[in-house]
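Below: the structure, in structure tokens.
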Amino acid sequence: MDRKISVVGLGYVGLPVAVAFGKSHRVIGFDLNQKRIDELRGGYDRTLEVENEELEKANILFTANPDDLHEADFHIVAVPTPINHANQPDLRPMLSASKTIGGQLKRGAIVVFESTVYPGATEEDCVPILEAESGLRCGVDFTVGYSPERINPGDKEHTFTKIMKVVAGQDQATLDIVAEVYSSVVTAGVHKAASIKVAEAAKVIENTQRDLNIALMNELAVIFERMEIDTLDVLEAAGTKWNFLPFRPGLVGGHCIGVDPYYLTYKAELMGYRPEVIQAGRRINDNMAKLIVERCVKQLILQDKKVKGAKVAILGLTFKEDCPDLRNSKVADLITQFKGYGVEPIVHDPMADKAEAIKYYQVELSELSEISNCDLVIAAVAHKEYRTLSTDDFARMLANNGGLFDLKGILPRKPLTELGIEVWRI
């Protein structure tokens, strides 16, 4: 494999890709964020996806200069594909990356997109920009491929090289080259998709399926709460059957599960079809923060506590456990809902960057030692630090007659209730 590789976008997805290739190839790692480039040059990854030792060993030119991309002839695009405030796809990072690469594209090059998109985005939205910026013709002077990212932030077991890689190309020759390049580092092997659109669709339905399964659990949680049945007890019992899927209720945030379905529904509506099931699942999951806070307010009232001005602590702000990623965290929705009741929650998170918490959500993170005499403590994210807290630790956080709301089912219920602490679960 003699291709010269560039990776455009060095976040949670792009950096592990660049490092994997950098162990055996010379890689150009490009990112617009100069601060990020400086940190990586210094051997530090703030996302914690790559160990410092691995970073130092990888043969990567970290750069924010687009001119450096001209050296490469195999470009991998791994930029975010978020949604806007109207829950519509925001392709600006991907289109910007296409423009940057297009300005440096040379004949014979291949551009492979890893970002999650709706079927058709690579060929319909990105290729015209590549052609316009380069003055080259796609399919004649250069070609494109698609290989959907499957990085799971914070997961040290299912890493880039250990996950089967779906690959696609606009023609057979491109597909074979893309498969060869990824096979050189992905030990789990590659799957050749029938087309770029098939690969794009495969990615977007992976998380749509998970979103719908979680939505079902959330709807069951709402039903069982009214029946005064503990949902997690029900799931534990049902889970004894071999083919019962182990999904749990909860907040659905992050840059994948809570986002990808909107890409599919957007494209479907452009094609004249209004998806009912997918959108119903999204409505249920997006409404969970409101339902959880309403339940918390109800518990405060039942305990004869004043709601406005109540002292409430939230443990965790990132979108998932043991990961510093704050993007699209639904814990922020909990905070917003509480503020609507005149409650200003105290928030702690051992993984989150304090400056980013202020930047994204205007939340000032507190120290764990500052959490005491609370009317309510919510365990919102299952960070390791919270899973290892003792019952006495939680008791010290609470005022007399205070309660714990365990959103993730991580707290030891029996020892806590034996101390006279009420524990509620979603």
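The values are calculated or read from the model by the stated rules, or taken from the named source; none is laboratory data. What you are looking at is a predicted structure, and each value in this text was computed from that prediction instead of being measured. Because the Cβ atoms are built from the backbone with ideal geometry, glycine has one as well, and the counts that use them run over all protein chains shown. What goes into the accessible areas is simple: the full protein's heavy atoms, side chains included, and nothing from ligands, DNA or RNA. Shrake-Rupley method; radii C 1.70, N 1.55, O 1.52, S 1.80 Å.
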* Structure fact -> Subset of the range 208-219, residues in contact with a helix residue (DSSP H, G or I) (Cβ under 6 Å, 6 or more places away or on another chain) and open to solvent by 30 Å² or more (accessible area, probe 1.4 Å), comes to L212, E219
* Filter result (in contact with a Phe, Trp or Tyr (Cβ under 7 Å, 6 or more places away or on another chain) and closer than 17 Å to C323 by Cα) within the range 245-271 -> G253, G254
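Within the range 5-19, take every residue that is among the small types (G, A, S) and either part of a loop (DSSP other than H, G, I, E, B) or surrounded by fewer than 23 Cβ atoms within 10 Å (Cβ to Cβ) (or both) and give me the one that is nearest to the chain's Cα centre (by Cα).
Per the criteria, the residue is G11.
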* Regarding I371, is this residue hydrophobic (A, V, I, L, M, F, W, C) and surrounded by fewer than 21 Cβ atoms within 10 Å (Cβ to Cβ)? -> no
* From the set of residues in the range 71-100 that are surrounded by fewer than 17 Cβ atoms within 10 Å (Cβ to Cβ) and farther than 30 Å from R282 by Cβ, which is farthest from the chain's Cα centre (by Cα)? -> E71
* Can you pull out the residues in the range 104-135 that are closer than 20 Å to K4 by Cα and either touching a Ser or Thr at 6+ places or on another chain (Cβ under 7 Å) or surrounded by 18 or more Cβ atoms within 10 Å (Cβ to Cβ) (or both)? -> Q104, L105, A109, I110, V111, V112, F113, E114, L130, S134
* Which numbered condition G403 fails, given (1) open to solvent by 10 Å² or more (accessible area, probe 1.4 Å); (2) in contact with a helix residue (DSSP H, G or I) (Cβ under 9 Å, 6 or more places away or on another chain) -> (1)
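Taking the stated definitions as given, is E157 surrounded by 20 or more Cβ atoms within 10 Å (Cβ to Cβ) and within 30 Å of H383 (Cβ to Cβ)?
Spelling it out, it is not the case that E157 is surrounded by 20 or more Cβ atoms within 10 Å (Cβ to Cβ) and within 30 Å of H383 (Cβ to Cβ).
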* Considering only strands (runs of 3 or more DSSP E) fully contained in the range 339-426, which possess at least 3 residues that are modelled with pLDDT under 90 and farther than 24 Å from A221 by Cα? -> 398-406
* **Leading residue by the ranking (surrounded by the most Cβ atoms within 10 Å (Cβ to Cβ)) among those in the range 136-154 that are hydroxyl-bearing (S, T, Y) and closer than 19 Å to A188 by Cβ** => Y146
* To do: Please verify whether the range 391-399 includes one or more residues that are open to solvent by less than 70 Å² (accessible area, probe 1.4 Å), free of Cβ contacts under 8 Å to residues at least 12 places away in the same chain and out of contact with any Pro (no Cβ under 9 Å at 6 or more places or on another chain).
  => yes
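Residues V423, V347: which one is closer than 22 Å to L291 by Cβ, surrounded by fewer than 21 Cβ atoms within 10 Å (Cβ to Cβ) and among the β-branched types (V, I, T)?
So the residue among V423, V347 that is closer than 22 Å to L291 by Cβ, surrounded by fewer than 21 Cβ atoms within 10 Å (Cβ to Cβ) and among the β-branched types (V, I, T) is V423.
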* Structure fact -> Reported set for the range 311-329 where residues are open to solvent by less than 10 Å² (accessible area, probe 1.4 Å), in contact with a strand residue (DSSP E or B) (Cβ under 6 Å, 6 or more places away or on another chain) and either part of a loop (DSSP other than H, G, I, E, B) or free of Cβ contacts under 8 Å to residues at least 60 places away in the same chain (or both) is L317
* Being more than 28 Å from R413 (Cα to Cα), touching a helix residue (DSSP H, G or I) at 6+ places or on another chain (Cβ under 7 Å), touching a residue at least 40 places away in the same chain (Cβ under 8 Å) and among the polar types (S, T, N, Q), is that true of even one residue in the range 258-272? -> no
* Asked: Got a sec? Which of I301, I284 is in a helix (DSSP H, G or I) and either at pLDDT 95 or above or open to solvent by less than 10 Å² (accessible area, probe 1.4 Å) (or both)?
  -> I284
* If only one of T265, T240 is among the polar types (S, T, N, Q), farther than 23 Å from G403 by Cα and open to solvent by less than 50 Å² (accessible area, probe 1.4 Å), which one is it? -> T265
